[in-house]
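The values are calculated or read from the model by the stated rules, or taken from the named source; none is laboratory data. Note that the structure is predicted; figures quoted are calculated from it, not measured. Counting neighbours? That spans all protein chains shown, and the Cβs are built from the backbone with ideal geometry, glycine included.
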């Protein structure tokens with residue numbers, strides 16, 4: 001499996017093809033990404049092109065952005081070895097508080113958003129406190145939270161639906177503004193596409209320079225060019241899709257919020273000390289503690305962060321539906337958790353990525369959307385989604401137990417070697433060396 | 001001793017048992033012969049192969065995975081698992097008790113062996129039998145009480161009651177008194193003697209040589225996977241010294257690097273350190289420990305497993321073990337506070353755990369991330385980790401410690417034990433410690449990597465750092481240390497210059513507290 005590593009000099013090698021989206025690349029979620037592409041193409045064919053029509057892609061982004069935002073927080077919780085079942089209820093409670101603050105207290109929309117974030121942070125601090133400092137399992141704390149915050153939503157809102165003002169609707173139902181000459185597309189969306197393309201090119205160039213500095217060979221130049229070329233093509237195509245729908249629509253604001261959050265949290269989990277500590281605590285809590293990681297603080301922060309992101313998701317949802325209701329956010333936790341596990345996270349913690357979870361979430365979103373487009377009832381949609389989750393994780397688990405490299409884990413973690421850990425461990429237990437006393441039988 | 005019992009027929013004969021693991025011969029032609037109704041002790045250093053031998057006997061390593069045969073009650077037996085050996089009357093009691101804490105005494109005694117019909121348990125009968133069994137081991141406790149609510153000494157007795165219920169003929173006890181206090185140990189040993197009177201033979205593995213001397217009828221000594229000798233305690237007039245000689249009798253190979261230590265002044269001092277066991281409040285695992293480390297010095301800690309050496313080290317390293325009771329630490333003459341790992345690291349301490357996999361590494365991580373994991377702030381600006389600095393640092397250690405790997409992007413789980421240990425060492429060297437505590441740094445590592453690690457220890461000391469090395473291997477301690485403390489049952493029993501020490505004197509101080517006086 002490390003064969004492509006050694007064939008990175010010059011000229012064409014077949015193995016290099018893998019590098020386009022394989023190891024060493026900027027996109028490491030190859031396995032699940034491939035599944036996503038297959039699903040998109042399948043529905044594109046099955047729905048006679050409706051799936052990738054401008055109206056539908058805008059709809060997918062608006063309809064699933066809040067689930068994907070939850071998945072970002074959820075993957076961090078799961079990496080740290082916890083779970084959060086309360087996110088839907090937290091979103092609902094924040095939604096109602098924000099709606100009431102604008103209707104009854106005449107809070108301007110921007111202060112209402114701040115209030116919503118503060119409420120989310122407070123709820124998160126409460127849950128984080130019980131998990132981190134009292135030691136109640138997150139499953140229990142957030143199960144309690146699920147009831148608590150749902151009840152609070154219905155108590156505060158009198159189990160009623162409360163509308164939100166127009167300006168607030170912008171964050172959930174709004175689009176990038178229209179300006180400049182008539183290009184046939186929305187100019188903001190085109191500009192966004194161009195900026196993203198430029199960043200992709202720059203990143204690839206910088207990545208090559210860094211790898212060269214680190215002494216490892218970068219992939220051949222043509223691999224980089226093909227990779228960036230494909231990505232830029234996808235981005236520009238997406239920009240024309242989002243920007244080419246009817247007047248007044250373009251790339252949704254909720255999508256922009258999602259994009260920014262993905263960038264920020266990818267960076268946090270990958271490149272900051274806090275991010276390292278989250279993986280360390282989830283990977284081996286005792287070893288982390290003995291390395292000076294304040295694991296309780298990490299637990300507290302991931303739980304608190306999750307509720308803040310749930311607040312964001314809740315506000316976007318309320319904005320999009322133009323009202324906060326008593327059953328908002330029902331079942332969101334399950335969608336978010338499913339996205340994270342399809343995206344390659346491990347139930348035991350320590351493994352998972354933000355980008356992987358987003359791709360996992362998109363798999364569910366496109367699947368759901370496509371089935372609905374075909375007029376399949378929500379009963380059957382649920383059954384199919386359940387099976388997809390089961391099969392996706394089962395493939396991952398089976399591959400690991402066979403000692404074969406797991407596409408999802410390997411590529412989402414983006415680390416060589418993290419693949420056969422389960423297998424290596426299994427070998428260890430049947431192969432203790434003579435000098436190492438078995439812990440169960442010292443002697 | 002009762003001669004009639006001692007000359008009883010042979011109940012167990014293990015002939016030329018050889019057990020190989022890939023790359024290692026754990027047992028090499030080991031033979032063991034146990035007579036009916038005797039107490040047979042097995043002695044050997046940690047890692048000599050005692051546990052492996054008992055696992056072969058009890059079917060943990062089933063027939064076919066070893067060479068040689070086991071003759072039990074006159075017939076060759078081929079146990080395929082632990083159940084089949086139990087059915088034959090061989091019961092092993094592990095040091096880590098196999099009881100379920102949240103079930104009652106009765107439930108535990110009959111676990112997997114429940115009396116009753118058609119899956120319905122006869123609790124009345126079970127309870128009565130339980131009371132009888134408990135009486136046989138000298139317990140009068142209520143059989144409905146939960147295991148977690150009785151002390152570890154009584155738990156040990158419940159294990160034996162469970163064994164008796166299985167109609168045990170040969171009882172294997174692995175370090176039965178390791179977790180017990182004096183009184184409980186005495187009671188347990190009396191009980192084993194009592195069982196002997198009823199014709200139950202026992203095999204006992206213990207590091208406490210005084211206990212072995214007191215109860216065993218014969219002793220088999222295992223060294224480096226080979227059975228060295230079998231002694232008859234009475235006929236051969238065996239005493240502790242004789243056992244020690246057998247255990248450590250190998251010659252010291254010259255596998256330690258030459259050192260020209262330049263030892264400076266005392267810079268690290270621990271005074272009157274006391275630690276309580278994390279669960280049982282009546283047990284102190286470290287008692288009044290005092291020791292010093294000088295700059296450029298390698299200080300050895302000799303002690304048998306469970307003696308309190310790891311507990312002492314971990315407790316000093318940020319109160320990471322048990323409950324800290326009292327004690328002071330001075331560094332460069334100033335008292336320092338070490339009540340968290342972060343403070344310990346900031347004060348220049350580093351602790352390399354004896355349990356590399358459970359406490360030393362995150363096995364999901366790659367090498368470069370592991371190397372920097374204990375001091376990320378060193379390569380981070382505004383909390384953002386500089387990944388190229390990380391790579392550079394890891395590369396440096398890969399070269400200087402000769403970590404065998406294609407790249408530092410490799411997962412640590414792909415490395416051999418020796419190379420994993422080098423990664424752990426790199427991780428702690430990266431924190432720029434003044435004092436490194438190395439707990440069993442060469443455990444589970446092949447000989448080549450061992451001597452490389454000795455070289456690293458030498459280099460660290462040569463840089464003026466203090467090094468504490470905890471090891472069960474006495475030749476290793478004697479080879480790398482300048483000065484050695486021995487520890488027994490939580491107490492530091494002696495302090496010897498390595499040049500003046502030999503394995504026998506060390507072993508004496510490691511196995512009994514009363515030798516404190518004549519250690520120097």
Subject >> Residue ID - nearest to the other protein chains (Cβ to nearest Cβ), chosen from residues in region B:215-230 that are farther than 20 Å from residue B:68 by Cβ and in contact with a helix residue (DSSP H, G or I) (Cβ under 7 Å, 6 or more places away or on another chain) >> reply: B:219
Original post:
On the given criteria, is residue B:173 outside the structural domain of residue B:83 (by TED's automatic domain parsing) and outside any helix (DSSP H, G or I)?
Top reply: yes
Original post:
Among the residues of region A:205-215 satisfying the criterion of being surrounded by fewer than 18 Cβ atoms within 10 Å (Cβ to Cβ) and touching a helix residue (DSSP H, G or I) at 6+ places or on another chain (Cβ under 9 Å), which is modelled with the highest pLDDT?
Top reply: A:205
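May I ask you to verify whether residue B:257 is more than 18 Å from residue B:437 (Cα to Cα) and within 14 Å of chain A (Cβ to nearest Cβ)? So that I can check it myself, show each step before the final result.
Working: more than 18 Å from residue B:437 (Cα to Cα): yes; within 14 Å of chain A (Cβ to nearest Cβ): no.
Taking the combined requirement at face value, the residue does not satisfy it.
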**OP:** Answer with yes or no whether residue A:132 is more than 14 Å from chain B (Cβ to nearest Cβ), at pLDDT 90 or above and more than 27 Å from residue A:316 (Cβ to Cβ).
**Re:** yes
Original post:
Only one residue in B:404, B:378 is surrounded by fewer than 22 Cβ atoms within 10 Å (Cβ to Cβ) and modelled with pLDDT under 90. Which one?
Top reply: B:404
Subject >> Counted residues, region B:134-192 - those being surrounded by 23 or more Cβ atoms within 10 Å (Cβ to Cβ), at pLDDT 90 or above and touching a strand residue (DSSP E or B) at 6+ places or on another chain (Cβ under 6 Å) >> reply: 4
**OP:** Tell me, please, whether a residue that is more than 14 Å from chain B (Cβ to nearest Cβ), touching a helix residue (DSSP H, G or I) at 6+ places or on another chain (Cβ under 7 Å) and within 30 Å of residue A:323 (Cβ to Cβ) can be found in region A:183-191.
**Re:** yes
**OP:** Kindly list the number of the only condition in (1) assigned by TED's automatic domain parsing to the domain that holds residue B:12; (2) in a helix (DSSP H, G or I); (3) touching a residue at least 12 places away in the same chain (Cβ under 8 Å) that fails for residue B:65.
**Re:** (2)
Original post:
Going through region B:326-356 one residue at a time, which ones are part of a helix (DSSP H, G or I) and either free of Cβ contacts under 8 Å to residues at least 40 places away in the same chain or closer than 20 Å to residue B:296 by Cα (or both)?
Top reply: B:341, B:342, B:343, B:344, B:345, B:346
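For a quick check of your reading: which strands (runs of 3 or more DSSP E) sit entirely within region B:440-509 and have at least 2 residues that are farther than 23 Å from residue B:244 by Cα and touching a residue at least 12 places away in the same chain (Cβ under 8 Å)? Break it down into steps so the answer makes sense when it comes.
On the way: elements: B:466-471, B:483-488, B:491-497.
Output list reads B:466-471.
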Subject >> Residue among A:312, A:318, A:302, A:372 that is assigned to a helix (DSSP H, G or I), surrounded by fewer than 22 Cβ atoms within 10 Å (Cβ to Cβ), away from chain B (no Cβ under 11 Å) and modelled with pLDDT of 90 or more >> reply: A:372
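Is it the case that some residue within region A:284-292 is part of a helix (DSSP H, G or I), surrounded by 23 or more Cβ atoms within 10 Å (Cβ to Cβ), modelled with pLDDT of 90 or more and within 13 Å of another protein chain (Cβ to nearest Cβ)? Reasoning before the result, please.
The initial filter retains those residues of region A:284-292 that are part of a helix (DSSP H, G or I), namely A:285-289.
Add one more test, that the residue is surrounded by 23 or more Cβ atoms within 10 Å (Cβ to Cβ), and what stays is A:287-288.
Filter once more, so that each one left must be modelled with pLDDT of 90 or more: A:287-288.
Pick out the ones that are also within 13 Å of another protein chain (Cβ to nearest Cβ) and you get A:287-288.
Yes.
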**OP:** Taking residue B:231 as meeting all but one of (1) over 28 Å from residue B:82 (Cβ atoms); (2) touching a strand residue (DSSP E or B) at 6+ places or on another chain (Cβ under 9 Å); (3) not in a strand (DSSP E or B), write down the number of the exception.
**Re:** (3)
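So, in region B:357-367, how many residues would count as being part of a helix (DSSP H, G or I) and under 16 Å from residue B:405 (Cα atoms)?
Residues of region B:357-367 that are part of a helix (DSSP H, G or I), as a first pass: B:357-360, B:367.
If we keep only those that are under 16 Å from residue B:405 (Cα atoms) too, we end up with B:367.
Counting residues in region B:357-367 that are part of a helix (DSSP H, G or I) and under 16 Å from residue B:405 (Cα atoms) gives 1.
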**OP:** Could you grab the pairs with beta carbons closer than 6 Å, sequence gap of 6+ or different chains, first residue in region A:163-192 and on the phi > 0 side of the Ramachandran plot and in a loop (DSSP other than H, G, I, E, B), second one buried (at least 16 other Cβ atoms within 10 Å of the Cβ) and modelled with pLDDT of 85 or more?
**Re:** A:180/A:187
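Taking the criterion of being part of a loop (DSSP other than H, G, I, E, B) and farther than 22 Å from residue B:310 by Cα, would at least one residue in region B:266-288 satisfy it? I'd like the intermediate steps shown before the answer.
Quick first cut of region B:266-288, residues part of a loop (DSSP other than H, G, I, E, B) only: B:277-283.
Checking the rest, the ones that are also farther than 22 Å from residue B:310 by Cα come to none.
No.
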Original post:
Which residues, counting only those in region B:292-320, are more than 13 Å from every other protein chain (Cβ to nearest Cβ), surrounded by fewer than 23 Cβ atoms within 10 Å (Cβ to Cβ) and in a loop (DSSP other than H, G, I, E, B)?
Top reply: B:295, B:296
**OP:** Answer yes or no: is there a residue in region B:266-279 that is in contact with a strand residue (DSSP E or B) (Cβ under 8 Å, 6 or more places away or on another chain), within 14 Å of chain A (Cβ to nearest Cβ), surrounded by fewer than 17 Cβ atoms within 10 Å (Cβ to Cβ) and at negative phi.
**Re:** yes
Original post:
Which residue, of A:276, A:211, A:227, is in contact with a strand residue (DSSP E or B) (Cβ under 7 Å, 6 or more places away or on another chain) and over 30 Å from residue A:167 (Cβ atoms)?
Top reply: A:276
**OP:** Kindly indicate the residue of region B:332-358 that is facing chain A (nearest Cβ under 7 Å) and out of contact with any helix residue (DSSP H, G or I) (no Cβ under 7 Å at 6 or more places or on another chain) and also surrounded by the most Cβ atoms within 10 Å (Cβ to Cβ) among those meeting that condition.
**Re:** B:345
**OP:** Could you please give the count of residues in region B:371-388 that are more than 10 Å from every other protein chain (Cβ to nearest Cβ) and free of Cβ contacts under 8 Å to residues at least 12 places away in the same chain?
**Re:** 1
**OP:** Check region B:359-369 and report whether any residue there is within 18 Å of residue A:283 (Cβ to Cβ) and more than 9 Å from chain A (Cβ to nearest Cβ).
**Re:** yes
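Answer yes or no as to whether residue A:223 is more than 14 Å from chain B (Cβ to nearest Cβ), modelled with pLDDT under 85, in a helix (DSSP H, G or I) and in contact with a helix residue (DSSP H, G or I) (Cβ under 9 Å, 6 or more places away or on another chain).
Values: more than 14 Å from chain B (Cβ to nearest Cβ): yes; modelled with pLDDT under 85: yes; in a helix (DSSP H, G or I): yes; in contact with a helix residue (DSSP H, G or I) (Cβ under 9 Å, 6 or more places away or on another chain): yes.
The answer is yes for residue A:223.
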Original post:
How many residues does region B:39-97 hold that are buried (at least 19 other Cβ atoms within 10 Å of the Cβ) and within 12 Å of chain A (Cβ to nearest Cβ)?
Top reply: 24
